[in-house]
Amino acid sequence: MRMIARISLLAPGALVSLPASAAVAVSFVQPERYFDARAFGAARIGADKSVLRGIQRHVEQLAERRLAPNQALTIEVLDIDLAGQRRLVPSAGDALRIMTEATWPRIKLRYTLLEDGSEVAGGEEMLADQTYLRHGGRYGSDSLRYEKRLLDDWFTARIVERRPARD
């Protein structure tokens, strides 16, 4: 079983680290500047801790299931734009996330994959799925279902199969 580290939140503009397993380290760079990583609330810019934890846990689960024992993965999340667009519903006094074909999920990240201590893959990428509404619901009604699918596809392509990114 892998050890889980404590959550540490640093000053605004700093790096935010959330629990990490032994084979994967995920950090969030300046999450207060993320384009749209908020589940609810009035502010458009920034990130909710629940969104960051959900992304973190999902990457950890992918790594636990799919990384070889001699591999280590480091991921720095640089920006998140969740699927859909938050719209205020005045009569409800809350915000809803409206999904359209023009509001696909995007995650910008930088990663390094080590094998036996040597770098075998890495880079910076903008993950996006413009056809996210046409795919089946692998994660049911999970609030991060589109982002999780995006991460699944990226993890399989870059980390497991080591396919290069398209330009």
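The values are calculated or read from the model by the stated rules, or taken from the named source; none is laboratory data. The shown structure was predicted, so the numbers you read here are calculated from the model rather than taken from an experiment. Using ideal geometry, Cβ is built from the backbone for each residue, glycine included, and neighbour counts are taken over all protein chains shown.
Observations
Residue-by-condition table, conditions (1) at negative phi; (2) under 12 Å from the mean Cα position of the chain (by Cα); (3) of a type outside the set (Val, Ile, Thr); (4) surrounded by 12 or more Cβ atoms within 10 Å (Cβ to Cβ):
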residue	(1), (2), (3), (4)
105	yes, yes, yes, yes
108	yes, yes, yes, yes
112	yes, no, no, yes
115	yes, no, yes, yes
128	yes, yes, yes, yes
142	yes, no, yes, yes
147	yes, yes, yes, yes
150	yes, yes, yes, yes
165	yes, no, yes, yes
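- Close pairs from the range 26-45: first over 18 Å from residue 128 (Cα atoms) and part of a loop (DSSP other than H, G, I, E, B), partner of a type in the set (Lys, Arg) and at pLDDT 90 or above, Cβ under 8 Å, at least 6 apart: 45/33
- Pair list, Cβ under 9 Å, 6 or more apart: the range 118-142 residue β-branched (Val, Ile, Thr), other residue assigned to a loop (DSSP other than H, G, I, E, B): 120/162; 131/101; 131/104
Yes/no per residue for (1) in contact with a strand residue (DSSP E or B) (Cβ under 9 Å, 6 or more places away or on another chain); (2) at pLDDT 70 or above:
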{"residue": "22", "(1), (2)": "yes, no"}
{"residue": "27", "(1), (2)": "yes, yes"}
{"residue": "36", "(1), (2)": "yes, yes"}
{"residue": "61", "(1), (2)": "no, yes"}
{"residue": "77", "(1), (2)": "yes, yes"}
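- Some residue of the range 52-72 being surrounded by fewer than 19 Cβ atoms within 10 Å (Cβ to Cβ) and in contact with an Asp or Glu (Cβ under 6 Å, 6 or more places away or on another chain): yes
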